[in-house]
Amino acid sequence: MNLSSILHPSTFILLSDAPGGVPRLRELILQLAVRGQLVPQEKGDRSRVMLRDVCERIHYGYTASANPMITDVRLLRITDIQDNKVQWESVPGCDIAIEDIPKYELNPGDILIARTGGTIGKTYLVTEMPVRAVFASYLIRVVPSNRILPRFLKLFLESPDYWEQLRLKSAGTGQPNVNGQALGSLELDLPRLAEQKRIVARVDELMKRCDELEVRQNERIERHNVLVSS
């Protein structure tokens, strides 16, 4: 089955009806996106780079205890991130010296990566900052350079290519963990900015289609369960 037929609406529906179909479609979309197979590209438009080559900074977060009584500066933890979203009003604060805030203060475009435990590799793209916040020490911040769109980098950090490399980098340890140096050595194909924008737009379109199929599936399952119970 070639790429054009996989992305055809009728094939989309057919594949989504298979067991675990929609999650596998999402995975396929991300894989095609980061490998340059989702949108037309010109020859020589891509280069193979390491993550550190397209980042201004990769560093660990601030070490402090969370304090719900403090609201001036919040302390974002991995537990505050659910489904790529943060309920900022419920994020606790922390004691931090004024001179230390700029080192760890979060800004739109930053990407956070969990570096240890059961959530290792989980990522969050900061899109807006309604409060002032820093990030906790069990997170690593990646600050993309002007060579890569934060949204495109986030696609890579959700792709099978990323997870396979991360698994290899964190193998052989008692508790799964990854450090900044290992993250910086992850490899990705880097297209030009114009193509990155096209890829992000195409992924958004296809993921929306997956959302719609998932809703239809859930509705169909619910109707089936009602009939069975009746």
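Observations on the structure shown:
- Test: residue in segment 178-186 that is open to solvent by 60 Å² or more (accessible area, probe 1.4 Å), modelled with pLDDT of 75 or more and over 30 Å from Thr116 (Cβ atoms): no
- In segment 121-138, the condition of being open to solvent by 50 Å² or more (accessible area, probe 1.4 Å), among the hydroxyl-bearing types (Ser, Thr, Tyr) and farther than 14 Å from Gly61 by Cβ is met by at least one residue.
- Scanning segment 87-99 for residues that are open to solvent by 20 Å² or more (accessible area, probe 1.4 Å) and hydrophobic (A, V, I, L, M, F, W, C) gives Ile96, Ala97, Ile98.
- Test for Val39: is it at pLDDT 95 or above and surrounded by 14 or more Cβ atoms within 10 Å (Cβ to Cβ): no
- When Thr63 is tested against (1) open to solvent by 10 Å² or more (accessible area, probe 1.4 Å); (2) touching a Gly at 6+ places or on another chain (Cβ under 9 Å), exactly one condition is not met: (2).
Each row is one residue, and each column tells you yes or no for (1) under 17 Å from the mean Cα position of the chain (by Cα); (2) outside any strand (DSSP E or B).
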site: Asn107; (1), (2): yes, yes
site: Leu112; (1), (2): yes, no
site: Gly121; (1), (2): yes, yes
site: Tyr124; (1), (2): yes, no
site: Met129; (1), (2): no, yes
site: Ile140; (1), (2): yes, no
site: Val143; (1), (2): yes, no
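- One residue alone among Arg216, Arg202 is over 18 Å from the mean Cα position of the chain (by Cα), of a type in the set (Lys, Arg) and either over 26 Å from Gly121 (Cβ atoms) or surrounded by 12 or more Cβ atoms within 10 Å (Cβ to Cβ) (or both), and that residue is Arg216.
- Some residue of segment 220-227 being more than 28 Å from Gln41 (Cβ to Cβ) and either in contact (Cβ under 8 Å) with a residue 24 or more places away in the chain or part of a loop (DSSP other than H, G, I, E, B) (or both): no
- Criterion applied to Glu195, Glu164 was being of a type in the set (D, E, K, R) and out of contact with any Gly (no Cβ under 9 Å at 6 or more places or on another chain), and the one residue passing it is Glu164.
The values are calculated or read from the model by the stated rules, or taken from the named source; none is laboratory data. Since this is a predicted model, take the numbers as computed values, not measurements. Positions of Cβ are generated from backbone atoms using ideal geometry, with glycine treated the same way; all protein chains shown enter the neighbour counts. What goes into the accessible areas is simple: the full protein's heavy atoms, side chains included, and nothing from ligands, DNA or RNA. Shrake-Rupley method; radii C 1.70, N 1.55, O 1.52, S 1.80 Å.
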